[in-house]
Structures are given as C-alpha cells and as structure tokens.
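The values are calculated or read from the model by the stated rules, or taken from the named source; none is laboratory data. These figures come from a predicted structure and were not determined experimentally. Heads up, the Cβs are rebuilt from the backbone with ideal geometry, glycines too, and the neighbour counts pull from every protein chain shown.
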Amino acid sequence: QEDLFKNVVSHAKEYGYIFPSSEIYDGLSAVYDYAQNGVELKKNIREYWWKSMVQMHENIVGLDSSILMHPTTWKASGHVDAFNDPLIDNKDSKRRYRADVLIEDYAEKLNQKAQKEIEKAKVRFGEAFDEQEFIKTNARVVEYKAKQREILERMAKSLGDENLADVKALIEELEIADPETGSRNWTDVKQFNLMFGTKLGASAESAMDLYLRPETAQGIFVNFLNVQKSGRMKIPFGIAQTGKAFRNEIVARQFIFRMREFEQMEMQFFVKPGEEMKWYEYWKTTRLNWHLSLGLGKENYRFHDHEKLAHYANAAADIEFNFPFGFKELEGIHSRTDFDLKAHEQFSNKKMQYFDTEENKNYTPYVVETSVGLDRMFLAVFSNSLKEETLEDGSTRTVLQLPSVLAPTKAAVLPLVKKDGLPDVAREIIEELKWDFNVAYDEKDAVGRRYRRQDALGTPFCITVDHQTLEDKTVTIRHRDSMKQDRVAISELRAIINSEVSM
Ligand code: ATP
C-alpha cells in the first residue's frame with residue numbers, strides 16, 4: 001500500500017499531472033501545482049460536478065464569490081474569536097479536532113512500527129514464519145499494538161467529551177511532537193490559527209486585517225438573499241460554488257489529500273425548517289450516486305455517520321473513499337440548521353429571512369450542504385486508476401484507467417511511420433477532432449512504445465494512421481483498457497469517441 005502511494009506520487013510527477021510548488025526552491029510544504037495534464041483532469045472533475053449539480057437541477061444556481069471577505073464574516077462563522085458562547089465552543093472543537101488528527105497520526109506510526117517488525121521477521125524466518133503467533137508473542141509488537149489500541153480507545157472516548165482535557169492529557173503523556181516543527185509545546189497549538197491572514201490597504205496604519213477564506217460556504221451564505229431575489233428563487237433551492245480555500249493545517253501530509261491551498265466544490269441547499277432531514281437524506285443518496293457514476297468501484301465508498309455533531313449541525317455524514325492509505329473523508333454532507341444565516345443576521349444587523357409566498361410568512365431557511373474537496377477527488381480518481389498489469393505474454397504495462405469522461409486527452413493520433421505522407425493525414429484528423437476533444441499527436445518512437453506512453457497518460461483512445469489509410473480512409477482505433485483495435489472509417493471517429501467520453 002505504501003508502495004502504491006509512492007507510485008502515485010511519482011507517476012503524477014513523471015507524467016505531468018502534479019508538481020511540488022516552487023520545486024526549484026525545494027518546494028513549499030503541502031502546496032502543489034497542477035501540471036499540463038493535471039489541470040485538464042482537475043477541470044474535468046470540476047465540470048462533471050458542476051453539470052450534475054447546476055445544469056441538471058433547475059433549482060440550483062452557481063456563484064463565484066471572492067476569496068477575500070469582510071473580516072466580520074469569520075466572526076459570525078465561528079472561525080475567529082467572538083463574544084458569544086456557541087462560537088467559543090466552536091473554536092474549541094476546532095482545536096480539539098486538530099489534536100485528534102495528531103493522535104491518529106501517532107497511532108498510525110505505532111502501527112507502522114509494528115508492521116516493520118513483522119516484515120523483518122518474515123525475512124528472517126522465511127517459510128517457518130507464523131505471523132499470528134509472532135504478533136502475539138513478540139514483545140515489541142505487543143507493546144506497539146497495545147499502545148496503539150489504548151490511544152485509539154481513549155481518543156474515541158474523548159470525542160464524546162465536551163472538553164479538551166482528556167485529549168490534552170493524552171498528548172502530554174505521549175509527548176507527541178508536532179511532526180513538522182518538532183515542537184512539543186502545546187500552548188503553540190492553542191494559539192494556532194488555522195486561517196491565513198493578510199492585509200488590505202497599502203499603508204501600515206490604515207491597513208485592515210483580512211483572512212483568506214478557509215471555506216467557500218460563507219460566500220454563499222452572505223449572498224443568500226442577493227441570489228434569491230435576483231434569481232426569483234423559491235425554496236427549496238441551492239447555490240453551488242467551486243473555488244480555492246486556504247487552511248494553515250498543522251499536519252499537512254499525504255500529498256494532495258491535505259493541502260494548505262486547496263479547492264472545494266460546495267452546494268448549500270436552502271429548505272423550509274422541519275424539512276431538512278428529508279433533504280439531508282436526498283443529498284446523501286444523490287451525492288453517493290454521483291461518485292458511483294464514475295465507476296471506481298462501489299466497494300471503495302462508505303458512509304461515516306457522525307454521532308457527535310458540531311453545535312451548528314443536526315445531522316452530518318462523510319462519504320469516505322478507500323485511498324491508498326485507507327478509508328478517509330472525501331465529502332461531507334451536513335445539515336447545518338439556520339446557524340449560519342442567523343449568525344450573519346446577528347453580526348450584520350441585516351435581515352436574512354425568506355418570504356414564503358405560499359405560507360405567507362417570513363422564516364430563516366435551514367441549510368443542507370454538500371462539500372467535496374476537488375483535490376481529494378483528484379487523488380481518489382488518480383490513485384484508483386493507476387494499475388500495473390501483467391499481459392498475456394508475461395510483460396507488464398502501467399495503465400492509468402481514468403474514467404474516459406475525465407481523461408485529460410481523449411485520443412492520440414499516431415502516424416505509423418514518419419514518412420509517406422502519414423503524418424499529414426494524422427494532422428488532418430487532428431484538425432477535425434480538436435473542435436470537440438483534446439487530442440494529441442505523437443510520432444516519436446515505435447508505435448508500441450507510443451501506445452504504452454498513452455496508456456500511462458490515461459488516454460482512452462489511440463488512432464493509428466497506416467498505409468492502408470491512404471487507400472481507403474480507414475484507421476485503427478485502439479482502446480486503452482482492453483487494448484483491442486478496430487479498423488474504422490475516419491468519418492466515424494468523432495461518434496465513436498463521443499459515445500465514451502461525453503459527460
Ligand atoms: P478533514 O477532516 O479531512 O480535515 P474537514 O472535515 O475539515 O476535513 P470540511 O471542512 O468539511 O473538511 O471540508 C469539506 C471538504 O473539503 C472535505 O471533505 C475535503 O474533501 C476537503 N478538504 C478539507 N480540508 C482540506 C485540505 N486541507 N486539503 C484538501 N482538501 C480538503
């Protein structure tokens with residue numbers, strides 16, 4: 001599994017999907033750049049989401065709100081200190097949550113240590129090795145496993161607790177250091193602010209302290225009435241948005257799974273109070289179906305229903321995905337009550353109510369939100385698609401079996417040889433197809449090697465122009481996954497490709 005993950009990271013770099021940010025300066029921790037193919041895959045995932053949410057739902061509209069927002073926004077949302085109790089609670093739970101991540105990390109490290117002992121023993125004892133017996137009897141492994149179990153049990157217990165004390169005590173006891181700074185001083189964590197600060201205004205005296213948004217949702221809440229009125233929206237309706245969010249994560253790790261600058265795809269659905277559970281269930285099902293439609297395998301998804309809820313929520317679930325490092329949150333579905341709209345009403349002194357013409361009264365709508373990380377989706381799709389296959393003749397090939405609708409390049413056009421006018425015909429085919437699809441041209445190396453390269457890039461089709469093409473205007477079209485080749489007329493190409501790649 002660890003190897004698989006390493007392969008994912010190196011494949012992403014080698015084939016132009018993801019580079020570390022500012023790599024020539026040794027990179028910036030937990031910040032990444034999407035390369036020539038990565039940017040296309042990311043765009044296609046975003047579009048696949050947008051179509052299903054906005055285009056397919058008459059009562060959902062889009063929004064692109066700004067990254068910089070009035071600083072009071074973050075007081076209302078509970079992201080910075082405020083003067084009323086529930087918001088202080090919120091801040092505390094954020095802190096506790098950060099500590100939880102560290103502990104989980106530590107438990108995982110213990111697990112890995114135990115695993116290493118097991119692997120070493122395997123090599124040492126060879127055939128005679130009895131893994132179960134070893135786990136039970138080897139002193140070190142027993143200790144690691146016991147410690148790990150204890151940590152996880154205590155963490156589970158503390159999650160049910162309303163205060164931080166237990167988790168803090170655990171951390172002190174274990175002397176867990178921040179993996180990045182090496183610091184064991186947990187007052188650092190107390191003062192830790194997850195938001196990135198910046199300034200608006202040039203002169204030091206008049207500048208205003210701002211934050212880069214840690215979530216896109218608040219841009220939707222503050223615009224709720226603007227959209228409702230200008231769009232004459234009737235409840236229930238939704239507002240969808242994709243965009244960057246920034247979090248100064250303490251434990252930034254696992255490649256693009258947890259980044260400091262990342263992109264969210266969120267939709268806030270405004271409903272009549274009392275109807276939120278119906279919509280919560282609707283969105284849980286609808287969102288899971290969206291994920292399943294990509295064909296990465298039903299067994300790779302599961303729901304995690306939250307038992308302990310944030311104070312603003314009355315129901316919450318994650319859709320978890322089987323990443324190379326195990327099942328982890330991919331998307332959150334939350335029933336957020338009227339918490340956010342009420343908080344903004346309180347802080348802005350502006351009414352945030354909806355006038356229901358059927359009931360002839362005003363109310364503050366309830367909100368059900370779906371929130372998925374675009375980068376996490378990318379990682380889910382990319383890691384799941386990367387396969388090492390052994391072929392019938394015993395050779396192996398690396399193939400990136402991306403869902404065709406998401407593949408960066410839909411077809412590569414390859415002249416069999418670099419002469420006899422074949423490149424010209426290939427170029428003509430590209431001229432035709434490029435109006436509808438991203439297509440690539442490649443004439444370098446033997447055709448077999450070009451196929452392999454396109455397999456590794458995730459291109460669903462290779463179109464080969466050969467001498468027969470000159471006679472009868474047919475080409476071969478090769479399918480990435482089955483490697484089957486069909487002879488078809490050039491005029492049929494568009495329809496064949498389209499039938500597999502259209503959203
Ligand atoms: P996690 O528990 O993994 O930190 P979260 O519960 O804080 O996530 P939300 O605030 O609910 O996440 O954000 C919604 C979605 O945004 C998450 O499901 C995840 O896909 C994505 N996301 C959150 N934080 C990050 C991050 N640092 N890097 C990449 N994606 C993220």
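Going residue by residue through region 350-365, is there one that turns out to be in contact (Cβ under 8 Å) with a residue 60 or more places away in the chain, within 16 Å of the ligand (Cβ to nearest atom) and either crowded, with 23+ Cβ neighbours inside 10 Å or part of a loop (DSSP other than H, G, I, E, B) (or both)? The answer is no; no qualifying residue exists.
Somewhere in region 317-327, is a residue without any contact (Cβ under 8 Å) to a residue 40 or more places away in the chain, more than 15 Å from the ligand (Cβ to nearest atom) and assigned by TED's automatic domain parsing to the domain that holds Ile45? No, region 317-327 contains no residue that is without any contact (Cβ under 8 Å) to a residue 40 or more places away in the chain, more than 15 Å from the ligand (Cβ to nearest atom) and assigned by TED's automatic domain parsing to the domain that holds Ile45. When the residues of region 480-503 are filtered to those that are more than 26 Å from Asp420 (Cβ to Cβ) and outside any loop (DSSP other than H, G, I, E, B), the one that is nearest to the chain's Cα centre (by Cα) is Val501. Of all residues in region 17-39, those that are touching a Phe, Trp or Tyr at 6+ places or on another chain (Cβ under 9 Å), surrounded by fewer than 13 Cβ atoms within 10 Å (Cβ to Cβ) and of a type in the set (D, E, K, R) total 0. Residues in region 453-473 that are more than 30 Å from Glu40 (Cα to Cα) and not polar (S, T, N, Q): His467, Leu470, Glu471, Asp472, Lys473. When Glu388 is tested against (1) over 17 Å from the mean Cα position of the chain (by Cα); (2) within 16 Å of the ligand (Cβ to nearest atom); (3) farther than 13 Å from Phe221 by Cβ, only condition (2) is not met.
Applying the set (1) within 16 Å of the ligand (Cβ to nearest atom); (2) crowded, with 21+ Cβ neighbours inside 10 Å to Ser371 leaves exactly one unmet item: (2). Scanning region 256-285 for residues that are of a type in the set (S, T, N, Q) and either assigned to a strand (DSSP E or B) or under 30 Å from Asp33 (Cα atoms) (or both) yields Gln264, Gln268. Among the residues making up region 374-412, those that are closer than 23 Å to Glu329 by Cα and assigned to a loop (DSSP other than H, G, I, E, B) are Gln401, Leu402, Pro403.
Could you please let me know if Asp442 is more than 25 Å from Tyr17 (Cβ to Cβ) and buried (at least 16 other Cβ atoms within 10 Å of the Cβ)? No: the conditions fail for Asp442.
Candidates in region 28-70 are the residues that are small (Gly, Ala, Ser) and in a helix (DSSP H, G or I); of these, the one that is farthest from Val372 (Cα to Cα) is Gly38. Within region 329-343, the set of residues being touching a helix residue (DSSP H, G or I) at 6+ places or on another chain (Cβ under 7 Å) and either within 9 Å of the ligand (Cβ to nearest atom) or at pLDDT 95 or above (or both) comprises Leu330, Glu331, Ile333, Ser335, Leu341. Of the residues making up region 247-274, those that are closer than 22 Å to Trp74 by Cβ, more than 9 Å from the ligand (Cβ to nearest atom) and at pLDDT 95 or above number 3.
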